[in-house]
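These notes concern the structure reproduced below.
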Amino acid sequence: MGATRRTTNLPAIDADSICDAALELTKQFGIDGWSIRQLAKAIKAHPSIVNYHVGRREDVVHLVINRVNAEIDLPEYNGDWKTWFRLLLGNMRRTLRKYPGVSRRLAAVGPGLGESDRIINRGIQVLNDAGFGDQSGIVYSILLCQTCAFVATEDDRDKMGELRKEAGAAYVSAFSASESGVAALAKTIKPLVEEEGLRRDFFDHQFSILLNALLDGLDKDMLKSQSAY
């Protein structure tokens, strides 16, 4: 009789254990950076076992995205819709940054249904309570898509370390440029090239500015314009 997983002290395989392994691979290589063969190796099984328990690679990806959505904390709602979305989108950014490539998929094709339902339902409810009414869906979509697009750019930037440094060095060389626009941009970028911590702080600040601009703009252009009628 051949050896089984039980006799070799290997854990049983199911959809959850496959998803666990795929999550770890996604942390290391990004959602598009691993293969079914790599996944099978991680769970010490034949690739056909993945297909048996879950299906195609895209089916595994769906499980991963669903699990990532489950990690996103929903903040308490205190009646201020903008504060609530700042907290939600900050939580979303922190979670998505752990799993490179997931944000790009969410921005391009949406989260799908499953664990995202609780985020969607609560977000739309908050916007309805704020007075957006029929516009709640489009407002929600704008906020979530722009957040995911920002994180996707951060993911891409991480993969371009050397290229980013070269481009940054080119800007720094223009620090004393006679053109005021180029000099101003070089002054902004110079610290980002020199110190990693400053780079992280810069993009945290940039994200905060983006959220404030989105939230204030939606408040002015959609919510207040609706109440004017």
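Readers should treat all values here as calculations from the given coordinates under stated rules, not as data from a laboratory. Please read these numbers as outputs of a predicted model, since none were measured by experiment. So basically every Cβ, Gly included, is an ideal-geometry build from the backbone, and we count neighbours across all protein chains shown.
Observations on the model:
- For the stretch 53-70, the set of residues classified as out of contact with any Leu (no Cβ under 9 Å at 6 or more places or on another chain) and over 16 Å from GLY110 (Cα atoms) consists of HIS53, GLY55, ARG56, listed by residue number.
- Against the numbered list (1) over 30 Å from LYS220 (Cβ atoms); (2) over 10 Å from the mean Cα position of the chain (by Cα); (3) part of a helix (DSSP H, G or I); (4) touching a residue at least 12 places away in the same chain (Cβ under 8 Å), PHE85 comes up short only at (1).
- Taking the stretch 30-49 as the range and being at negative phi and in contact (Cβ under 8 Å) with a residue 12 or more places away in the chain as the test, the residues that pass are ILE31, ASP32, GLY33, TRP34, SER35, ILE36, GLN38, LEU39, ALA42, ILE43, ALA45, ILE49.
- The set of residues from the stretch 131-176 being among the small types (Gly, Ala, Ser) and in contact with a Gly (Cβ under 9 Å, 6 or more places away or on another chain) comprises SER136, SER141, ALA152.
- Some residue of the stretch 151-161 being within 21 Å of ARG122 (Cβ to Cβ) and in contact with a Ser or Thr (Cβ under 8 Å, 6 or more places away or on another chain): yes
- Residues within the stretch 91-105 that are surrounded by 15 or more Cβ atoms within 10 Å (Cβ to Cβ) and in contact (Cβ under 8 Å) with a residue 40 or more places away in the chain, tallied: 10
- Failed criterion for HIS53 (all others in (1) on the phi > 0 side of the Ramachandran plot; (2) crowded, with 17+ Cβ neighbours inside 10 Å hold): (1)
- Top-ranked residue in the stretch 27-49 [being out of contact with any Lys or Arg (no Cβ under 7 Å at 6 or more places or on another chain), under 22 Å from ARG94 (Cβ atoms) and not polar (S, T, N, Q); ranked as surrounded by the most Cβ atoms within 10 Å (Cβ to Cβ)]: GLY30
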